[in-house]
Amino acid sequence: LHHTSPLIQPRTYTILRPSPDCSNTRTMSVMRAAVHLSPRVAASAGRASSRSIGKSSVTAVRRRVAPPARGVVTMRAAGNDEVVDDTPPVEEAMVEVVVEQVTPDAVVSAPVDAQPVEDVAPVTADFAPAANATDEIVYTLQGPEPVKFGVADGELTNVLTASASFVTRAVSGALCEGWTPAIIEGACPEGTYTFGELGGRYLRESSDVGKYSRPAKPIKMYEFEGCPFCKKVREAQIWLDLDVEFYPCPQNGPTFREFVKTTGGKAQFPYMVDDNTGTAMYESDAIIDYMYDKYGPGKDKVSSLLRAGAFTILTAGIGLAPRGGAGSKYTAAKMPDKPITLYSYEASPFCKLVREKLVELEIPHLLKASGRGSPKRQEMFDKRGRFQAPYIEDPNTGVAMFESAAIVKYLEQTYAA
């Protein structure tokens with residue numbers, strides 16, 4: 001669901017919402033919502049009322065109507081609605097989300113058997129879609145010369161604290177599925193990426209990701225850096241070598257957090273939208289299973305590092321702790337017109353520092369997964385004559401840049417309000 005696209009085409013999504021034991025949740029038997037999409041966020045405070053229907057309840061949120069908008073999202077739900085963050089699934093409720101083109105004076109109506117939501121506040125963003133594949137942007141490389149594993153002056157503490165996840169999560173977020181290293185005799189062929197050469201030999205890395213189905217359009221993920229549940233989904237992205245559009249949802253973020261809350265029904269993260277299949281989904285485990293089924297070797301092949309339940313969350317949380325919540329709270333910023341492209345992989349402390357800043361500034365970004373064994377490493381090598389992450393390309397300014405400290409400074413100078 002690209003809620004800010006200038007032209008919203010008719011589309012239907014199915015939200016798979018796993019629901020835990022009812023003792024931990026508030027249940028809803030029917031939900032209706034209409035969400036106006038406009039060029040800027042204009043959400044207003046609302047009030048909720050509940051009415052009893054049998055053994056369940058219906059919650060209707062009433063908000064003031066915003067000015068005419070570009071599109072309307074209508075949500076229809078049946079079953080139980082989960083309100084507890086990332087609780088293991090027991091049953092699923094199916095939600096249909098229909099996006100349709102409307103005119104400013106269009107009238108929204110609900111079926112006669114529904115409880116309509118009255119006066120729903122708009123949840124929108126001043127944000128345009130990424131450039132088309134046919135658009136040509138010439139990027140100018142700026143910033144310092146990249147130094148492999150180099151640490152900028154004054155950045156040692158940041159790099160060390162950002163490295164904790166690499167220790168607690170082992171190789172998860174560093175390798176692609178089926179990663180296979182090989183020592184090859186002779187010099188590395190010209191124009192070929194290699195992790196290193198030594199004694200007349202070079203390291204060649206491969207993986208199984210070329211065997212998997214690839215989405216025609218990037219999956220959209222709504223999440224934030226300091227969340228352990230979000231982290232394990234990002235690790236799965238690297239295992240599968242999926243390019244994902246991230247829409248940061250830091251605490252107090254005015255744009256995408258509100259979008260998830262209004263569209264999905266609750267401010268819970270991560271939240272995934274796949275335009276390729278019309279699927280939207282909460283719950284980290286369910287999202288990982290979905291990605292492995294659709295774009296990987298199947299959910300029965302999910303890495304044990306992602307399947308360890310409480311241990312996975314504990315080790316992810318411990319790894320994030322030294323950063324003191326960095327990448328979790330919003331800093332006032334200007335919204336770019338287009339997403340920034342970031343070559344990155346989850347296990348890298350240097351990439352983490354850049355991701356933290358992108359999330360804090362609520363900057364949408366296309367993350368091109370670049371784990372060990374990823375063909376994206378050769379892609380960057382063809383483009384820049386080397387591979388090093390993080391690396392950004394900003395279509396809004398035409399700037400390309402290596403080196404985490406330089407990128408963080410650039411983001412602050414360009415987008416911080």
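The values are calculated or read from the model by the stated rules, or taken from the named source; none is laboratory data. Treat the numbers as computed from the prediction; the structure is a model and nothing was measured. When we count neighbours, we look across all protein chains shown, and the Cβ atoms used for this are built from the backbone with ideal geometry, even at glycine. Quick note on the areas: whole protein, heavy atoms, side chains included, nothing else; ligands and nucleic acids left out. Shrake-Rupley method; radii C 1.70, N 1.55, O 1.52, S 1.80 Å.
Summary table
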item	result
Packing-based order for 211-223, 192-204, 258-270, using average beta carbon neighbours within 10 Å, highest first	258-270, 211-223, 192-204
Net dipole in debye of segment 309-407 [+1 Lys, Arg Cβ; -1 Asp, Glu Cβ; about Cα centre; nearest 20]	200
Calculated Rg and Dmax of segment 284-417 using C-alpha coordinates, Å	16.3, 46
Percent of beta bridges antiparallel (DSSP, segment 158-306, rounded to nearest 5)	75
Heavy-atom surface of segment 242-309, accessible at 1.4 Å and reported per residue (Å²)	29
DSSP-assigned coil residues among trypsin sites (Lys or Arg not before Pro) in segment 335-417, each with at most 13 further Cβ atoms within 10 Å	Arg386
Shape box of segment 155-208 [Cα atoms, principal axes, largest first, Å]	38, 28, 19
Highest to lowest packing among 136-142, 400-406, scored as the average C-beta count within 10 Å	400-406, 136-142
Diffusion coefficient, µm² s⁻¹, Stokes-Einstein with Kirkwood Rh over alpha-carbon pairs of segment 196-276 at 10 °C and 1.306 mPa s	107
Which of Gly265, Asn252, Tyr222, positive extreme of dipole for segment 209-274 (C-beta unit charges)	Gly265
Of Lys261/Lys352; Lys299/Lys409; Lys266/Lys376; Lys211/Lys261; Lys231/Lys261, pairs whose Cα-Cα distance is over 29 Å	Lys299/Lys409; Lys266/Lys376; Lys211/Lys261
Total formal charge among the other residues, if their Cβ is under 14 angstrom from that of Gly385, Lys/Arg +1 and Asp/Glu -1	+1
Mean projection area, nm², convex hull over Cα of segment 126-240	11.8
